[in-house]
Amino acid sequence: MDHDVVVVGGGPTGLMLACELALRDVRCAVVERDPAPSNQSPGQAINATVVDLLEQRGLMAPLLPFGAEFPRAHFAQLWLDPTRLPGRHSYSFAVAQSRLELVLEQRAAELGVSVLRGRELVGIGQDDQAVTAVVRPVAGDGGGRDHFLRCRYLVGADGRDSTVRTLAGIGFAGSDTPFLGLVGDVETASAPAVAGRLGAHEFPAGMLTVRPIGPGLLRLVTAEFARLPDDPRAPVTVAELRASLHRLAGLEDPDPRMVWMRRWDGATRLAERYRDGRVLLAGDAAHVHFPLGGQAMSTGIEDAVNLGWKLAAEIEGWAPPGLLDSYEAERRPAGARACQTTAAQLALLHPLDRMGPVRELLRELIQLDDVNSYFVRMAFALDVRYDLAPPGAVATDDDGAATAHPLVGTRLADVPLKTRDGETSVARLLRAGRGLLLDLSGESAEDVVAGLSGWAGRVDVVPARPAGGGDEIDAAQVLLRPDGRIVWAARAALRAAAGTPSLTEALTRWFGTPNRS
Ligand SMILES: Cc1cc2nc3c(=O)[nH]c(=O)nc-3n(C[C@H](O)[C@H](O)[C@H](O)COP(=O)(O)OP(=O)(O)OC[C@H]3O[C@@H](n4cnc5c(N)ncnc54)[C@H](O)[C@@H]3O)c2cc1C
């Protein structure tokens with residue numbers, strides 16, 4: 001076997017997945033068609049959930065110098081205020097997609113991932129033991145001869161036109177909203193008219209967003225709904241962009257110096273399955289939708305974090321039955337939800353003359369705290385809750401443990417914690433990519449640790465208390481998966497923890513049968 005896992009596509013989803021796998025010592029290769037990292041950044045922001053996921057793996061620190069916290073969100077370009085939510089404040093983080101990809105590729109390389117650039121996947125064969133990937137060097141690299149990579153699993157993170165999805169025969173149903181969409185970066189000094197229109201604007205003919213993205217650079221995104229490109233495959237010209245800016249907003253810059261430009265369009269599609277045997281899909285290969293509110297790339301990164309530890313468990317040989325299938329069960333509904341909520345936003349943006357009154361009503365409604373909170377949680381994917389309680393779970397079992405505790409299925413906020421070893425946080429305790437039993441009871445945890453020794457190496461046991469001294473976590477003990485999702489929680493401390501039926505069940509369900517000591 002050449003690799004345990006081959007990931008096709010070195011965009012944000014594929015690189016994040018590679019990092020997750022390598023964190024667990026899974027031998028992983030990324031096959032990427034582009035010979036060099038891209039300087040093109042369609043994506044400009046990650047949502048609050050992804051900020052947490054990256055923090056969980058120590059990946060926010062290298063991004064901080066290149067981005068900024070953005071404590072706002074929007075629904076169909078109606079502005080929302082995340083700072084009005086109770087509790088810990090969430091924010092999206094504005095950062096160029098190309099920078100995020102660089103940081104992820106660097107981390108992947110540090111962890112020993114082979115990133116095979118300038119190679120494209122052209123064929124797949126699979127049996128019940130392995131997958132064979134047929135990989136071809138792109139023109140001018142390596143003489144053009146196909147070679148074969150054998151692996152136990154292959155993941156298609158190869159974007160919206162996914163070759164993997166096509167070869168696996170997985171349908172991609174949905175709809176296309178035809179329009180003329182252009183995106184690119186312009187040198188600010190060369191485009192004073194555009195520079196005078198910073199912000200997100202709606203017009204009867206479409207939308208325009210102008211945003212500073214670095215010293216002397218502006219990001220432009222246009223969409224003209226009543227117009228189609230003459231040739232959707234032709235490269236964008238400066239003349240075409242100038243004409244679009246003029247039609248949309250009456251802007252006229254005679255000689256804008258563009259750093260890059262490309263087209264974009266408005267497909268909303270969802271893969272009918274995320275898995276075909278040993279082949280899986282993630283990111284845009286599995287779901288595409290109108291890129292509003294930082295949801296698209298963010299949904300893909302959460303796919304990667306959900307899938308990584310499950311594949312690693314399969315490779316390491318301790319995956320309980322059904323673990324890998326839980327990836328589709330959890331993430332496909334999240335993809336469907338992103339498709340639905342962005343389609344709703346697109347409907348509110350066009351046609352503006354008919355939608356205007358609805359938008360005004362919505363603008364009034366989002367002044368209400370509950371409505372603002374609902375939309376912020378949706379935009380930041382904070383409302384994604386998986387159905388992780390075991391069938392027939394009750395709120396409190398005989399031991400006082402909550403198998404259907406309200407926290408089960410949610411992510412635990414990144415609360416600062418104090419442990420015997422000093423100050424830390426929920427996210428930092430998850431850095432190694434293992435499960436975590438967080439014991440906040442304040443009592444001696446020795447019997448808890450002893451009770452969980454059969455899951456050593458899969459689950460860490462950490463006694464801690466919130467650094468703020470408050471009750472930010474509404475539980476005495478919580479069990480988290482490596483992706484940060486809570487699978488079990490108890491309000492009262494359970495001393496001989498592994499002897500507790502509901503905890504033993506949760507450990508076995510998510511972390512397999514215990515090792516015999
Ligand atoms: C105008 C615009 C603005 C956007 N803004 C945002 C935003 O602010 N926030 C956000 O979250 N999202 C945004 N998005 C969406 C975001 O860019 C995508 O969701 C994201 O790129 C998807 O990442 P991915 O890794 O799944 O796929 P991709 O980024 O498409 O990566 C797929 C990779 O696979 C490679 N590949 C394809 N086929 C093969 C093959 N056969 N063999 C080998 N390699 C292959 C490609 O070269 C590519 O590198 C925006 C999109 C657009 C168009």
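Every number here is computed from the coordinates shown, using simple stated rules; none is lab data. No experiment lies behind these values; they were computed from the predicted model shown. Backbone-built Cβ (ideal geometry, glycine too); neighbour counts: all protein chains shown.
Amide hydrogen proximity for Val115: with H placed 1.01 Å from N in the peptide plane, the residues at 5 or more positions away or on another chain lying under 5 Å are Val30. DSSP beta bridges confined to the chain are antiparallel in about 80 percent of cases.
Could you list the trypsin sites (Lys or Arg not before Pro) in segment 211-274 that lie in coil according to DSSP, counting only those with at most 14 other Cβ atoms within 10 Å of their Cβ? Sites meeting the loop and neighbour criteria: Arg233, Arg257. Computed from the C-beta positions of Arg72 and Asp2, the FRET efficiency with R₀ = 41 Å rounds to 0.35.
Spatially, segment 77-105 and segment 15-45 are offset by 20 Å when compared through their Cα centroids. Taking other C-beta atoms within 10 angstrom as a stand-in for reagent exposure, Met355, Met207 fall in the order Met355, Met207, fewest first.
Toward the positive end of the charge dipole of the chain, about the Cα centre and with charges on Cβ (Lys, Arg +1; Asp, Glu -1), which of Val238, Met207, Leu388 goes farthest? About the Cα centre, the residue reaching furthest to the positive side is Val238.
This model, with +1 at the C-beta of Lys and Arg and -1 at the C-beta of Asp and Glu, gives the chain a dipole about its Cα centre of some 440 debye.
Just to confirm the number: angle between the C-alpha axis of helix 12-23 and the first principal axis of the chain, 0 to 90 degrees, nearest 10? Between the helix axis and the principal axis of the chain, the angle is about 20 degrees.
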